[in-house]
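Only one structure is covered here, and it is reproduced in the block below.
Throughout, read-outs are computed from the coordinates displayed, never taken from laboratory work. Since the model is a prediction, treat every value here as computed from it, not as a measurement. Glycine also receives a Cβ, built like all others from the backbone with ideal geometry; neighbour counts cover every protein chain displayed.
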Amino acid sequence: MSWRSKQIWIELIEGARKKSNIGWAFIIFLGSLGFFFVGVSSYLGRNLISFFPSQQILFFPQGIVMSFYGIAGLFISSYLWSTILWNVGSGYDRFDRKEGIVSIFRWGFPGRNRRILLRFFLKDIQSIRIEAKEGIYARRVLYMEIRGQGAFPLNSTNENLTPREIEKRAAELAYFLQVPIEVF
């Protein structure tokens with residue numbers, strides 16, 4: 001989603017609160033909980049999960065491995081839920097021709113550097129760069145090349161934009177900023 005006028009362009013960036021992330025976090029949580037309960041069931045010798053008899057799984061070595069996978073999955077799931085809760089990666093890109101400043105803001109993990117704010121002068125922008133990698137895992141990323149700073153990505157790497165969409169977005173931004181487009 002974006003908002004534009006003649007002098008200001010604000011592009012909102014979606015963070016970790018995506019349906020796919022929530023789905024994966026939920027699936028990993030349920031799966032790891034199942035593994036953990038099967039491991040604990042084999043240790044206790046009782047059926048904590050009614051449809052799976054624990055007598056068929058010995059605690060050593062299968063129960064220990066199942067418990068380990070369950071605990072590891074719970075840690076991964078808690079990490080995913082934390083990133084969703086904190087909405088890591090969300091923010092905005094603000095291009096202001098009136099003041100001559102570009103502001104890139106992102107939310108990070110809690111702590112001293114939770115708020116990430118980068119500011120550049122418009123005159124330091126060399127180009128808008130499109131990097132396209134085709135194949136099984138096609139990836140198209142839009143970068144802003146800053147003099148002396150390198151390239152900063154303007155879209156998420158897991159955003160599946162078609163070649164036409166990325167070209168249109170790059171052309172509109174390059175026209176707004178009055179800089180050339182480079183394709184890699």
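Approximating the spin labels as points 7 Å out from Cα along Cα→Cβ, the residue 176-to-residue 26 distance works out to 3.4 nm. Taking all Cα pairs closer than 8 Å and separated by 6 or more residues, the relative contact order of the chain comes to 18 percent. Between helix 64-86 and the chain there is an angle of about 30 degrees, using the helix long axis and the longest principal axis of the Cα atoms. Net charge of the neighbourhood of residue 165, taken over other residues with C-beta under 12 Å away and scored Lys/Arg +1, Asp/Glu -1, is +1.
Legend: ranking of residues 118, 74 from fewest to most surrounding C-beta atoms inside 10 Å; resulting order 118, 74. Over all other residues within a Cβ to Cβ distance under 14 Å of residue 21, the charged ones net out to +1, with Lys and Arg as +1 and Asp and Glu as -1.
Can you tell me, using C-alpha contacts under 8 Å and at least 6 residues apart, the relative contact order of segment 20-86 as a whole percent? It would help to have the intermediate numbers written out before the result.
Values: 76 pairs, mean separation 29.5, N = 67.
For segment 20-86, the relative contact order is 44 percent.
Which pairs break 29 Å Cα to Cα here: 18/168; 19/123; 19/133; 98/133; 6/133?
Working: 18/168 24 Å; 19/123 38 Å; 19/133 25 Å; 98/133 35 Å; 6/133 33 Å.
Violating the 29 Å limit, Cα to Cα: 19/123; 98/133; 6/133.
In the set [x] 19.7; [y] 18.8; [z] 18.1, the label that goes with Kirkwood radius over Cα pairs in Å computed for this structure is [x].
How large is the charge dipole for the chain, taken about the Cα centre, if only the Cβ atoms of Lys, Arg (+1) and Asp, Glu (-1) carry charge, to the nearest 20 debye? Don't skip to the end; give the middle numbers.
Details: 23 positive and 14 negative charges, 89 e Å.
Using Cβ point charges on Lys, Arg, Asp and Glu, the chain gives about 420 debye.
The C-alpha atoms of segment 20-86 occupy a region whose extents along the principal axes are 41, 21, 14 Å, arranged from largest to smallest.
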